[in-house]
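Here is the structure we will look at, set down as structure tokens.
The values are calculated or read from the model by the stated rules, or taken from the named source; none is laboratory data. Just so you know, these numbers come straight off a predicted model, no measurement behind them. All Cβ positions, even for glycine, are placed from backbone atoms using ideal geometry, and neighbour counts span all protein chains on display.
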Amino acid sequence: MLLEKKGAIRITIPIFSDRYEALECIYHTSATQIYLVRHRSLGKKRILKVISKQFFQGLSYEADVLCSLRHPGIPILYDYGEDEESICLIEEYIRGVSLTEYLLYHSTITRDWVRQTMQQLGDILMYLHERKNPILYQDLKPDHIMIQGNQVILIDYGIAHPKNQKRYGAGTKGHSAPEQFRETSVDERSDLYALGNVAKLLLAHQSEKPTAKELAVMEWAMEEKPENRPNGVSEWISAYLAVVPEHYRKRGMHLFQTIAVIGAEEKVGTTHIAIALTSYLNRQHHRAYFENQTEDATVTRILQNRGEFHEKDGIIYHNSFAAVQDVGPAIPVTTPPEGICVIDCGTDWDMARGSDFYLYVIGSRPWMDMDYSLEKAMNPHTHVIINPCNKGVGRMIASKMKKQVLAFPLDSDPFLVTKEKEKLFHHIWESEERSEGIRK
């Protein structure tokens, strides 16, 4: 039945025409049409989706999904029907704008708004994933995220499917997880990848500069291999919400809790620099502790050979240096008092995840084929250090990375805080304080 004509588009409703009248065509392709309609007797606006069976044979899962779901962030399905040509869905009309539109009209958004939005999106996905028969959404992107006042609503369940159903090539490239376009199985971690993609977009619009922890948690969700991502949305959301503790946010301040030191390869002086940084921080009256995350108990061995330390409650002290005693994997690690933890991560970036900022140590021998991570180095909270100082190699690396490369002075005693080391660490510390908006 022909109901109305809008320009060159004929608006027809093969089903439900006795109950609904068409008001506006919102979206139109040969495969799918979406209309704003009004219930004739109730006067309520609804959304009508008309899906061609020519393109989507037997597609009715969206109806099956929505009819069983009740969540404030998921549209209500009011009616469903089909004929020989089309499948028709009558859904709740969302009075809002898509996230894409919202960001066009809001050049900057606050950290609180980002956190609230991510928390609501995570809650919707957890609701889908934690059902008795888990549902994978598979097409999370800004166009499908509606902002209705303070409520976030996820629309368009056209390619959602049960967890154990194999489906290849479904999703939106640039938003969906890479495994969705391969002949491999997908699970909740595919939706998590897309959630990380949304976080990446929002952090780019956030008025407060993203912290290293925010960026690290976002990158964790978007790891190329699903096995390197968190196990589920719940784990990831908990990590994301924890990166800026509520009591620090309310007080308008940020406390550096962990600093990671990572080497581009072995034997570039990662432990040496971590020791020096710990000593410097304590001399500046920032209580700091060194913690070894490698298999080599270098610090304990050095201090035992020197015989110049004392131990109390599992903490080793030497002049301005303090470290959690490395006693091997069989004995529980001592938890130090409140303070800054300087982590010696060796070459393992996974150990560094969640730190407030990073010192990335690169060797200076020009004949070495230096295998460094350009992507990790480009993090704005990563400070690249060449050790020992070599201006020629430093300029080469700085040119390739297009960022400042700092030189660590030639030094034989990591526990001694020289003027050169003090100047280097002071520069790094001040740049991070400026980044966090901390005022002295």
Checklist entry - Can you spot a residue in segment 395-404 that is exposed (fewer than 13 other Cβ atoms within 10 Å of the Cβ) and either within 25 Å of Ala322 (Cα to Cα) or at pLDDT 85 or above (or both)? => result yes
Checklist outcome for this item: Of the residues in segment 184-214, those that are more than 21 Å from Pro134 (Cβ to Cβ) and modelled with pLDDT under 90 come to Ser207, Glu208, Lys209, Pro210, Thr211, Ala212, Lys213, Glu214
Checklist entry - Do you know which of the residues in segment 25-46 that are among the small types (Gly, Ala, Ser) and farther than 21 Å from Gly96 by Cβ is surrounded by the fewest Cβ atoms within 10 Å (Cβ to Cβ)? => result Ser41
Checklist outcome for this item: Scanning segment 178-228 residue by residue, those closer than 23 Å to Tyr102 by Cα and among the charged types (D, E, K, R) turn out to be Asp191, Lys200, Glu208, Lys209, Glu214
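Identify all residues within segment 272-288 that are over 19 Å from Pro388 (Cα atoms) and touching a Ser or Thr at 6+ places or on another chain (Cβ under 7 Å); write none if there are none. Spell out the reasoning first.
Residues of segment 272-288 over 19 Å from Pro388 (Cα atoms): 281-288.
Across segment 272-288, the qualifying residues are Asn282, Arg283, Ala288.
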Item to check | Selection within segment 162-176 - under 19 Å from Thr32 (Cα atoms) and buried (at least 18 other Cβ atoms within 10 Å of the Cβ) | outcome: Gly171
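Does segment 105-121 contain any residue that is within 29 Å of Glu183 (Cβ to Cβ) and touching a residue at least 40 places away in the same chain (Cβ under 8 Å)?
Scanning segment 105-121 turns up at least one residue that is within 29 Å of Glu183 (Cβ to Cβ) and touching a residue at least 40 places away in the same chain (Cβ under 8 Å).
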Next on the checklist: I'd like the full set of residues that are closer than 16 Å to Leu154 by Cα and of a type in the set (Asp, Glu), limited to segment 92-138.
Outcome noted: Glu92, Glu101, Asp123
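Yes or no, residue by residue, for (1) over 19 Å from Asp187 (Cα atoms); (2) among the aliphatic types (A, V, I, L, M):
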residue: Val97; (1), (2): yes, yes
residue: Trp113; (1), (2): yes, no
residue: Gln119; (1), (2): yes, no
residue: Asn133; (1), (2): no, no
residue: Asp139; (1), (2): no, no
residue: Gln165; (1), (2): no, no
Checklist outcome for this item: Within segment 218-236, residues buried (at least 23 other Cβ atoms within 10 Å of the Cβ) and of a type in the set (A, V, I, L, M) come out as Met218, Ala221, Val233
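Among the candidates Lys213, Lys209, which residue alone is part of a helix (DSSP H, G or I), in contact (Cβ under 8 Å) with a residue 60 or more places away in the chain, out of contact with any strand residue (DSSP E or B) (no Cβ under 6 Å at 6 or more places or on another chain) and not aliphatic (A, V, I, L, M)? Steps first, please.
On the way: Lys209 fails: part of a helix (DSSP H, G or I).
Exactly one residue qualifies, and that residue is Lys213.
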